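Peer 1: Dropping a structure here in structure tokens format, bear with me for questions.
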Amino acid sequence: MTTTTLTPASTDVAGPRTPAMSARGLTLSHAGRTVVDRLDLDVPAGQVTVVVGPNGCGKSTVLRGLSRLLRPSAGAVRLATDGAEADIWSLRPKEFARRVALLPQSPPLPDGITVVDLVGRGRHPHHTLARRWSAADDDAVARAMHATGTLDLADRHVAELSGGQRQRVWIALTLAQETDVVLLDEPTTYLDVAHQIDVLDLLRDLNRRDGTTVVMVLHDLNLAARYADHVVALREGRLVGCGAPADLVDEDFVARVFGLGSRVIADPVTGSPLVVPAPTHEQTGATP
Amino acid sequence: MSTTRTADRTGVTPPAATRSGSGPVLVAVLLVLLLVAVLSSITLGSKAVPFTDVARVLTGDGDGIADRGIIEARVARTVVGVLVGAALAVAGAAMQGLTRNPLADPGLLGVNAGASLAVVVAIAVFGVGSLTGYVWWAMAGAGLAAVLVHALAGLAGGGVTPLRLTLAGAAVTAGLASWSSGLLVSSKQSFDSFRFWQVGTIGGRGLDLVVTVLPFFAVGLALVLLTVRRLDALALGDDLARGLGENLVLARAAVALGVAVLCGASTALAGPIGFLGLVVAHGARFAVGPDHRRIIPVCLVGGPALLLLADTVGRLVAQPSEVQAGIMTAVVGVPIFVLLVRRGRMASL
Amino acid sequence: MTATAVAPAPAASSAVDRVRRARRRPARRVRLVLTALAAAACAAVLVRVLLGEYVVALADLVPILRGEPLPNAPGASFIVMEAKLPRALLGALAGLAFGAAGAMFQTTLRNPLASPDIIGTSLGASAAAVVALTTLDAQGLWLPAAAVAGALAVSLLMHAVGRGTGLAGQRMVLVGIGIAAMLSSVIQLVMTRTSIQDAQAALVWLTGSLARATWPVIGLLAVALVVLAPVLALCARWMRLAELGDDLSTTLGVPAGRARRGLVVAVAMAAVATSATGPIAFVAFLSGPIARQLCGGRPSLWAAALVGAVVVVLSDFAGDYLIPDVNLPVGVVTGALGAPLMLAVLVTAGRAGKA
């Protein structure tokens, strides 16, 4: 575990940088209902951004808006990577796919697919009609599998892997896509605590090593505070606050976002804010 | 509260609380509609007959009326329509509650194909040549196919989903149909009798045939009516129903038997008629909420009304011939089915 | 450390080797299976042509195909060129089309039960063709044209209804089944309205038979396949992404709807084949799963196509000679054999949590 590199990457950088993605007035509706309402949001380049909020606040919907899965009913999202800045909907699908990758929450697994084959599917945006599979693709797949520690599983069937291994394989698929921005929808769902830490460490290492911009939705506020350089908090489809966890996460913040009484202390291991919820029913124990 | 939750669970209807009073009124309105349907079914057609003549024939004073034959045939037709319409609608509602599948319908779940194959076997192999002869075969075939489809859909465990059930129904239908054609291609005579049975019509059946099948309608209806309260519990899903102290096996078996008997008897009497159960049961569910004690009476009156109207329209649009009721119900029913799929929250079913 | 994206270091060559090796192994198996299936398809065609009531010697086949007279077997040339060979070829071509179309549907819609013969597109072709056959007396090119139009109309309707929802694939399947039920009613109506001769002809056709095997029909189907196969191969690339679900497919650069639109090619293919032979039960439905078993769990369009060819040609052979004095149409044989196999597919599909 890389507990030594706790300072956010941004502190190393001289001066503010253009955000990798920025949403302005982003309004997203689903089945006629407005889920995300006029959201202004910046995704800092080269950092780990974590979106938090209570159930149904629109976290995942925001991710869908950023990844072109949902066309905004108002507002726009702009992408500024590779030195080119553009509205995400002005790009061709494959062009966008070479710049932004998304790992959905639980994508269906194709029948009988092997690890190396599944990871290889991530290379599709780099292929054209004339140019199919090449040595560069082998290289990218090998790198992605090496980074996620899945090389040893290469010819196994994905269906027979454990949940933690499987999640690493899915992450390898998005890495093989070789994008500057990687979006992940709850990458730790269905994993036990050891595998949650394992996956999140993996993602942060990737961010620190390659400078990949990572945006993920997380349920667990403490994991968010621990791994995020930048926290974005939503409630009822609106932005409640954003910033570095140390500046943002305090008792008042937890109350505003989750409506939960709590005490916030420094994590004895990492020093990041640690939220200790107060009892919600009048039972034993002190209220803050 | 509990009814509201049922609605959410089945994902078919809005909360029922607001419509609790509409049941009896609706039934009354439908009764009027049924009366209109019955009258038009008897008086209208390729040759319209005055109502006074009908009244005289019915009261036994029919001598000397030129259209007596027509009137008697139409009365029999109307009786068949009332029976079959009621049976199919009630069976549809019960089937939907039983399987928690809003798309359950004998036309979709292989029942009709089963009855068809059995009738084909009867005609082609055993030389059965009369409608009365078909009855037993159709009933047995329908029952076996229903069992087969449900067994197939539930075979692998993990629950019977609407999609799986519908696909199993479609697959069984495809399989049985190819067996039917296999028997029919080699015999022109068999095919000639079968092709007219196959479309599903309420016409051309005598009252004697109705009398033969009547006990089955009675038994089937009684079974469903007696178990109707259990349907509400079954609609909550197995775990919840068990938690409420239901004997699932018994309740399910009783309802399933009732449904099979009703479908079989209808198909035996009128041939395969699809989508009527689907449409009427859905309309009822939509109008009075998820409580089966209110749905069933609406189906009981609404089913015959709709079938008779469909049949009458079918006779009027294609004079001097007719578009059979089985085709009319499919033509009307499929758009409604498509609408349901479009609107429905399949994931929650 | 800076946060600027640095060019990733090339992967260690041992890792690349490992990836290459792991990629190659299943590919080799698929190639092997394809070769074996192609050989089996050729063998099936040969069996169909050479064996049966009238046995033709293998040595005579080449002269017959060249049109050279055969003094020792004067009738052989006619029987091969006018009866046995057309049937075998039509069966093989139709099987290829049905198999490929079925596998394409099943993989794209991520549902092993969603093949064109179950979800209405084949019935769209059938209904249109039956109407054309009985009421319009359609001949020649009009029949396949009607079939393709019918199938496309049904597919468009399915697509329109499924569009814009997260469950598009599921809805498409359900709507397709509903439409299939309506179309079979239409077919039944047509059957009661026409003469018994026409109805009987329509029934034979509806069952799926190779009786209409004539050289023009075969030529038409062959041309259609030659045109459609490359397009299908292109769409197969989308299909591989559709397998990953709508979301991932979109973010990998293939919007989910596009993969489903690619099904149009499969629809056309199945429809042209349907117009030539009628809907042959279960071939589209079962070829995909059988091919997948052979290929070690991976779906393969080409393997499915070849399985379809083998199944149709052999079933037709069996239908002709299995029961003495009874010529069963090929659709009856595949239907009878298909039912138990279908059961197996349903069970495994259920186990895998699909469908």
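The values are calculated or read from the model by the stated rules, or taken from the named source; none is laboratory data. Everything numeric here is computed off the predicted structure, so don't read it as measured data. Here the Cβ positions follow ideal geometry from the backbone for every residue, glycine too, while neighbour counts run over all protein chains shown.
Peer 1: Being at the interface with another protein chain (Cβ under 7 Å from one of its Cβ atoms) and β-branched (V, I, T) is true for just one of A:T61, A:T34, A:T114. Which residue is that?
Peer 2: Of the residues listed, the single one that is at the interface with another protein chain (Cβ under 7 Å from one of its Cβ atoms) and β-branched (V, I, T) is A:T114.
Here is a yes/no grid of residues against (1) at pLDDT below 75; (2) surrounded by 15 or more Cβ atoms within 10 Å (Cβ to Cβ):
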position	(1), (2)
B:V199	no, yes
B:G203	no, yes
B:D208	no, no
B:P215	no, no
B:A218	no, no
B:T227	no, yes
B:L234	yes, yes
B:L240	yes, yes
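Peer 1: Spot the failing condition for C:I79; the list is (1) farther than 30 Å from C:P289 by Cβ; (2) touching a Gly at 6+ places or on another chain (Cβ under 8 Å), and only one is missed.
Peer 2: In the conditions (1) farther than 30 Å from C:P289 by Cβ; (2) touching a Gly at 6+ places or on another chain (Cβ under 8 Å), C:I79 misses (2) alone.
Peer 1: Something else now. Looking for something part of a helix (DSSP H, G or I), away from chain A (no Cβ under 14 Å) and of a type outside the set (A, V, I, L, M, F, W, C) - is there at least one such residue anywhere in the stretch C:258-274?
Peer 2: Yes: the stretch C:258-274 contains one or more residues that are part of a helix (DSSP H, G or I), away from chain A (no Cβ under 14 Å) and of a type outside the set (A, V, I, L, M, F, W, C).
Peer 1: Determine if the stretch C:53-72 includes at least one residue that is modelled with pLDDT of 85 or more, over 19 Å from A:R123 (Cβ atoms) and away from chain A (no Cβ under 14 Å).
Peer 2: There is no residue in the stretch C:53-72 that is modelled with pLDDT of 85 or more, over 19 Å from A:R123 (Cβ atoms) and away from chain A (no Cβ under 14 Å).
Peer 1: Turning to a different aspect of this structure: Spot the failing condition for C:V16; the list is (1) within 28 Å of C:L225 (Cα to Cα); (2) within 14 Å of another protein chain (Cβ to nearest Cβ), and only one is missed.
Peer 2: Just one mismatch for C:V16, condition (1).
Peer 1: A further question on this structure: Can you tell me which residues in the stretch C:22-35 are in contact (Cβ under 8 Å) with a residue 24 or more places away in the chain and within 21 Å of the chain's Cα centre (by Cα)?
Peer 2: Scanning the stretch C:22-35 gives C:V30, C:V33, C:L34.
Peer 1: Would you point out the residue of the stretch C:208-257, among those that are among the polar types (S, T, N, Q) and in contact with a Lys or Arg (Cβ under 8 Å, 6 or more places away or on another chain), that is farthest from the other protein chains (Cβ to nearest Cβ)?
Peer 2: Among those that are among the polar types (S, T, N, Q) and in contact with a Lys or Arg (Cβ under 8 Å, 6 or more places away or on another chain), it is C:T250.
Peer 1: Six or more apart or on different chains, Cβ atoms under 8 Å: show the pairs whose first residue is in the stretch C:77-94 and without any contact (Cβ under 8 Å) to a residue 60 or more places away in the chain and whose second is among the charged types (D, E, K, R) and in a helix (DSSP H, G or I).
Peer 2: C:K84/C:R48
Peer 1: Could you check how many residues of the stretch C:113-132 are part of a helix (DSSP H, G or I) and buried (at least 24 other Cβ atoms within 10 Å of the Cβ)?
Peer 2: Within the stretch C:113-132, residues that are part of a helix (DSSP H, G or I) and buried (at least 24 other Cβ atoms within 10 Å of the Cβ) number 10.
Peer 1: Condition first: part of a helix (DSSP H, G or I), touching a residue at least 24 places away in the same chain (Cβ under 8 Å) and of a type in the set (D, E). Now tell me which residues in the stretch C:190-248 satisfy that.
Peer 2: Those that are part of a helix (DSSP H, G or I), touching a residue at least 24 places away in the same chain (Cβ under 8 Å) and of a type in the set (D, E): C:D198, C:D246.
Peer 1: Can you confirm whether C:L294 is over 15 Å from C:G95 (Cα atoms) and within 14 Å of chain A (Cβ to nearest Cβ)?
Peer 2: Yes; evaluated as a whole, the condition is true for this residue.
Peer 1: Follow-up. What do you reckon, is A:T179 within 13 Å of another protein chain (Cβ to nearest Cβ) and part of a loop (DSSP other than H, G, I, E, B)?
Peer 2: yes
Peer 1: Tell me the residue from A:R208, A:R238 that is under 18 Å from A:V36 (Cβ atoms) and surrounded by fewer than 21 Cβ atoms within 10 Å (Cβ to Cβ), please.
Peer 2: Exactly one residue qualifies, and that residue is A:R238.
Peer 1: Does A:D138 fit the bill of being closer than 17 Å to A:T179 by Cα and in contact with a Lys or Arg (Cβ under 7 Å, 6 or more places away or on another chain)?
Peer 2: Answer is yes for this residue.
Peer 1: How many residues are closer than 11 Å to C:G335 by Cβ and either touching a Leu at 6+ places or on another chain (Cβ under 7 Å) or facing chain C (nearest Cβ under 7 Å) (or both) if we restrict to the stretch B:172-185?
Peer 2: Residues meeting the conditions: 8.
Peer 1: Every residue in the stretch A:72-87 that is out of contact with any Asp or Glu (no Cβ under 7 Å at 6 or more places or on another chain) and within 11 Å of chain C (Cβ to nearest Cβ), please.
Peer 2: A:G83
Peer 1: Among the helices (runs of 4 or more DSSP H) contained in the stretch B:272-349, which hold 1 or more residues that are small (G, A, S) and in contact with a Phe, Trp or Tyr (Cβ under 6 Å, 6 or more places away or on another chain)?
Peer 2: Passing ranges, in order: B:325-343.
Peer 1: Related question: Taking only the stretch C:24-47 into account, find how many residues are in contact with a helix residue (DSSP H, G or I) (Cβ under 8 Å, 6 or more places away or on another chain), at pLDDT 85 or above and either within 14 Å of another protein chain (Cβ to nearest Cβ) or part of a loop (DSSP other than H, G, I, E, B) (or both).
Peer 2: 2
Peer 1: Here is a follow-up. What residue, of B:A115, B:A153, B:A122, B:A138, is surrounded by 19 or more Cβ atoms within 10 Å (Cβ to Cβ), of a type outside the set (S, T, N, Q) and modelled with pLDDT under 80?
Peer 2: Exactly one residue qualifies, and that residue is B:A153.
Peer 1: Let me ask something else. For the stretch A:199-208, check the following and say yes or no: at least one residue is in contact (Cβ under 8 Å) with a residue 40 or more places away in the chain, within 9 Å of chain C (Cβ to nearest Cβ) and assigned to a helix (DSSP H, G or I).
Peer 2: Within the stretch A:199-208, one or more residues are in contact (Cβ under 8 Å) with a residue 40 or more places away in the chain, within 9 Å of chain C (Cβ to nearest Cβ) and assigned to a helix (DSSP H, G or I).
So that you can scan it fast, the table gives a plain yes or no per residue for (1) more than 18 Å from C:L220 (Cβ to Cβ); (2) modelled with pLDDT under 80; (3) basic (K, R); (4) in contact with a strand residue (DSSP E or B) (Cβ under 8 Å, 6 or more places away or on another chain):
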residue	(1), (2), (3), (4)
C:V49	yes, no, no, no
C:G75	yes, yes, no, no
C:L90	no, no, no, no
C:A97	no, no, no, no
C:A103	yes, no, no, no
C:I119	yes, yes, no, no
C:A125	no, no, no, no
